[in-house]
Amino acid sequence: MKTYSFFFIINFYFAAALSGQTIRCEATVDRTTIEAGETFTLSVEVSGDDVDVRGIPELPALKGIELLYPNPGESTSIQIINGRKSESKSFQFFLRASQTGRWTIPPIKVHNAGTEYQTQPITIEVVGKNSSGNAGSAFGSEADVFFAGVASKKEAYVGEQVMVEFRIYSRVPVTQYSPTKVPNFPGFWAEEFPLKEPIQAERVTINGKTYSSYTIKRMAVFPTHSGSLKIEPAEIECELRIPRKNRGGLFDDFFTPFNDPFGEVVTKKFLSDTIRIRVNELPSQGKPSDFSGLVGTFDVKTTVDKTQLKTGEAVLYRVEIYGVGNIKSVDAPENPFNEEFEKYPVKSSDEILKNGNVVSGKKIFEFVAIPRTSRMYEIPGYTVSYFNPETKKYEFQSSPSHTLTIEQGSGMTAGGSLSKEEVALIAKDIRFIKTSAENLMITRGPVYTRWWFILLWLGPLGLTVVAFVYQRYQAQQNADIVKLKYRKASPMAKKRLNQAEKLMKAQKLDTFYTEVAKTLTGLIADKLGIPEAGLMTDTLVSMLREKKIDEQLIGDYITCLQLCDQARFSFDRNVPEKVESVYERIRETIFNMDKAL
Amino acid sequence: MIRIFVWLSLAASAISQVSEAPESVFERAGELYRTKRYAEAEAAYQELLSHGNVSYEVYYNLGNSCFKQKKYGYAVFFYEKALRQAPGDEDIFFNLELTRAHLKDQIIIPPDFFLFHYYRLALYFFSIDTLAIAVIVLWNLLLLMLLIKLFFQHRPRLFNFALYGIVLIFTLSAYAFVARVYIDSTKEEAIILNGVCDIKSEPDPAAATVFILHEGAKVEIRSAADEWFEIRLVDGKVGWVRRGDVGIL
């Protein structure tokens, strides 16, 4: 359970982490609206890394305010952050507002290590004492306290910011409070605002009564859908100090209720009301297609970390959308890089700022990509469209486009995008150039279009054809002669036989046998188409066998030839009977042979 | 007559002064490359290109100069050009493979039937000129042997074997030669030169981008229209690309 202490007798100001070498000198009051007669604290704080305050700050002459004690309370704090010392010293003056009106505390001089510093002037407002407050009967009762939730708007658009504050209104001192039931905010995106500590009281007049109002919770809520949305009541438990009622009038002035240590302490629970907000749908008229639900006022800024780069080098494209409103509703922009880049998932971060009553902030999207190819690449501008609840119109802001000039980087740095195998290959280098060329300039076309190619193709072909035709012609010629001889073979043989018969009858046996032998071989040679001269008996026999002549006939033929040879070359040639029979035999053989061939 | 001759010789000397001999440009470019002034080396080799058709060495060296400047698209283009002339050169193969490792698009080629793979390997093993010369030599040999067979009755015993062997080799090389000539004259390929290239569905800059190709990707050209080429990837994707974004092989 959180417990807040409302009022400090002595305020301790802790030195914030100070940066820089300077000395800071500040004057603050615990509240700027003060009821006449009330006491308040003025703090003068000197902080820095070399605090050496001599003496007490001189308080100038004050108008409408009186100093209660001449000696201020002092406090010192030392902090060491990251090895650096920072000190702060503060002085607390207790003052009382004596007269109503607006008063200014002029600058206060402080001497620190021989240098004089001045604080900023402070303006305070002293309000008159509430008239009813003076009436003893109404002064300080439990009925003078209530708890309420207040919305800044009763009607809003989806996504429009609505401030919700929970406040305690009280006319008696509230020493402690603790929330017992914290409302939740269904249908809203809620951002809690930090409270200034210590919680400052505000003077408000409700129905003619002056109340101290303590804001104990501040929320900015953004409806996420339309309809009648409600915020459930919150509940707190308060410790109140009810002053004693029957005090003498004289003491009233003296013991202000806030300082009265003798009040009766009462604990009570308070419940706030249900807050209803009517949430309207955003108008459909003029709604941009890329509208992502932003309501408020926004702007966009895009940057690239470099516009000249090499392949394999990473480039960062940053889209920053900033403005007032529900910044968290921004959708991530489309990745502006195409497939020629090695892309990484978008990184987004947001920063919500709560200043005064508005939620503002920025959302940053970062795209990292590594180009793989060298070329000019244009990243188109980004347009953020939003609904402005002030003008009740859709508006948009655009950023300019960026042009990247990507050059070819060295192959080694691009290694990340290549596979291992390719890297292994790249490590090798190409082979060296050719240092000489046989025929540098080619003046002629390919071989097959040159004249000598055609000549070598067709020339020999022609020659061969001619040779073939000639050979054929010759063969034809020869064949014709053979045919003629064949046809003439039988008459020739008969002719020769007749000749031989005459020679036989004339007893010219020598010539007779020669003629008969010629007849024998001549017939075969003509019939078979072979030259007669030099015809050997063996060849004749084999050729006759090829012709499938009867063996008997071949035998007769050979015998006849042998008979002729014997007769021609032996001396036994004078036997006429023999000659007659030999002639008959040869005649018969030639006749049979002529038939067979 | 003498005057004309003087004029001609003057003109010839003027030309030789204005334009450096290709050999000296080649030498100069090589020196620039050696001193790591790759951009200047590339410019010098490009100068040779403007003279007319150059040998594969120039394309190869151009590819190297572009590679060193990390212009991988151009490097692939020039290596491919060199490979067309000298398909058997191992250096070109090596450097092309190395350059391909730097490319963004690793187009998955649908795997061929392994025989088809060897078929293609065999088909592209020799250059067209080598094939042409082989074919013409074999052709003449073949005809010679036919003549021998025709006119000489008495032939060595292995003559027929040799003849059949030559017929077989001739048939294969003639097929390869004809196939290569046919492919060269009908199939047109190109390399994407620019870093990134949007391939459109229609020959219109406002058309939808079907896919993106990066430098060095090899495409087949199917048709042309105005400033556009219709291209086809090995894996079957089809789209339109601006003429200026590709280099025709």
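Read-outs throughout are calculated quantities, based only on the coordinates presented, and are distinct from any laboratory measurement. For clarity, every value in this text was computed on a predicted model and none was experimentally measured. Note: ideal-geometry Cβ built from the backbone for every residue, glycine included; neighbour counts use all protein chains shown.
With N set to the residue count of segment A:24-129, report its C-alpha Rg divided by 2.2 N^0.38 Å to two decimal places.
Cα Rg divided by the expected 2.2 N^0.38 Å: 1.15.
Of the peptides A:295-303, A:465-473, how do they stack up when ordered by the mean number of other Cβ atoms within 10 Å, highest first?
Going from most to least packed, we get A:295-303, A:465-473.
Roughly how many Å is it from the Cα centre of segment B:213-227 to that of segment A:200-233, as a whole number?
One Cα centre to the other: 72 Å.
Under 14 Å from the Cβ of A:Cys560, count the other residues' Cβ atoms, weight Lys and Arg +1, Asp and Glu -1, and hand me the total.
0
When ranked by the protection proxy of mean other Cβ atoms within 10 Å per residue, highest first, what sequence do the peptides A:517-529, A:112-124, B:61-73 form?
Answer by packing, highest mean first, reads B:61-73, A:517-529, A:112-124.
Quick check: Cα centre of segment A:374-411 to Cα centre of segment B:150-200, how many Å?
60 Å
What average number of partner chain Cβ atoms lie no more than 10 Å from the Cβ of the residues making up A:442-451?
Mean shielding count: 5.
Which value, in nm² and rounded to one decimal, describes the direction-averaged projected area of the C-alpha convex hull of segment A:296-413?
Result: 7.8 nm².
Per-residue mean of other chain beta-carbon atoms within 10 angstrom of the beta-carbon, peptide B:145-151?
Rounded to a whole number, the mean comes out at 3.
When only DSSP loop residues count, what trypsin sites (Lys or Arg not before Pro) in segment A:51-115 have their Cβ near at most 14 other Cβ atoms within 10 Å?
Loop-located and lightly packed - A:Arg54, A:Lys63.
Other chains' Cβ within 10 Å of B:176-186 residues: what's the mean?
Whole-number average of other-chain Cβ neighbours for B:176-186 is 1.
With N residues in segment B:48-97, what two-decimal value do you get for its Cα radius of gyration over 2.2 N^0.38 Å?
1.02
If I take every Cα pair under 8 Å that is 6 or more residues apart in chain A, average their sequence separation and divide by the length, what percent do I get for the relative contact order?
8 percent
Can you give the Kirkwood hydrodynamic radius of segment B:26-172 from its Cα pairs, in Å with one decimal?
For segment B:26-172, the Kirkwood estimate is 18.7 Å.
Based on alpha-carbon atoms only, what is the radius of gyration of segment B:131-249 relative to the globular estimate 2.2 N^0.38 Å?
Segment B:131-249 yields a ratio of 1.80.
Given axes a ≥ b ≥ c from the Cα gyration tensor, I'd like to know whether chain B is rounded (a/c under 1.5), prolate (a/b larger than b/c) or oblate.
Because a/c hits 1.5 or more and a/b fails to exceed b/c, chain B counts as oblate.
Can you list residues from other chains, or at least 5 along the same chain, whose modelled amide H is less than 5 Å from the amide H of A:Leu440?
The answer is none.
How charged is the neighbourhood of A:Glu395? Take every other residue with its Cβ under 14 Å from the Cβ of A:Glu395, and add Lys/Arg as +1 and Asp/Glu as -1.
With Lys, Arg at +1 and Asp, Glu at -1, the net is 0.
I need the peptides B:173-186, A:22-35, A:501-514 ranked by packing, meaning the mean over residues of other C-beta atoms within 10 angstrom, with the highest value on top.
For the peptides B:173-186, A:22-35, A:501-514, the packing ranking is A:22-35, A:501-514, B:173-186.
Only loop residues by DSSP count here, and only those with at most 11 other Cβ atoms within 10 Å; note down the GluC sites (Glu not before Pro) in segment A:295-375 that meet that.
Within segment A:295-375, the qualifying GluC sites (Glu not before Pro) (loop, at most 11 other Cβ atoms within 10 Å) are A:Glu334, A:Glu339.
Suppose R0 equals 56 Å; then what is the FRET efficiency for B:Leu146 and B:Glu31 from their Cβ-Cβ distance, rounded to the nearest 0.05?
My answer for the efficiency is 0.55.
Give me the mean projected area, in nm² to one decimal, of the convex hull enclosing the Cα positions of the protein assembly as shown.
80.5 nm²
Among the lysines, select those whose C-alpha is under 23 Å from the C-alpha of B:Lys71, and discard any that sit fewer than 8 residues away in the same chain.
A:Lys310, A:Lys420, A:Lys428, A:Lys434, B:Lys36, B:Lys81, B:Lys104, B:Lys218
Net charge around A:Val265, counting only other residues with Cβ within less than 10 Å of its Cβ (Lys, Arg = +1; Asp, Glu = -1)?
Residues near A:Val265 contribute -1 overall.
Counting pairs of alpha carbon atoms under 8 Å apart in space and at least six apart in sequence, what relative contact order in percent does segment B:207-249 give?
26 percent
Given points 7 Å out from each Cα along the Cα-Cβ axis, report the A:Arg450 to A:Leu271 separation in nanometres with one decimal.
A separation of 11.3 nm, rounded to one decimal place.
Based only on the alpha carbon positions, what is the Kirkwood hydrodynamic radius of segment B:114-186, in angstrom?
Evaluated on segment B:114-186, it is 13.7 Å.
When every alpha-carbon pair in segment B:188-248 is counted, what percent end up more than 19 Å apart?
When all Cα pairs of segment B:188-248 are counted, 13 percent exceed 19 Å.
Which values, in whole Å and largest first, are the semi-axes of the equivalent ellipsoid of segment A:497-541 obtained as the square root of 5 times each eigenvalue of the Cα gyration tensor?
24, 10, 7
What does the helix-only formula give at 222 nm for the protein assembly as shown: each DSSP H stretch with n ≥ 4 adding -39500 (n - 2.57), the total divided by the residues, and the result rounded to the nearest 500 deg cm²/dmol?
Value at 222 nm, helices only: -11500 deg cm²/dmol.
When 1/r is averaged over all different Cα pairs and the result inverted, which Kirkwood radius in Å belongs to segment A:142-215?
Evaluated over segment A:142-215, this radius sits at 14.3 Å.
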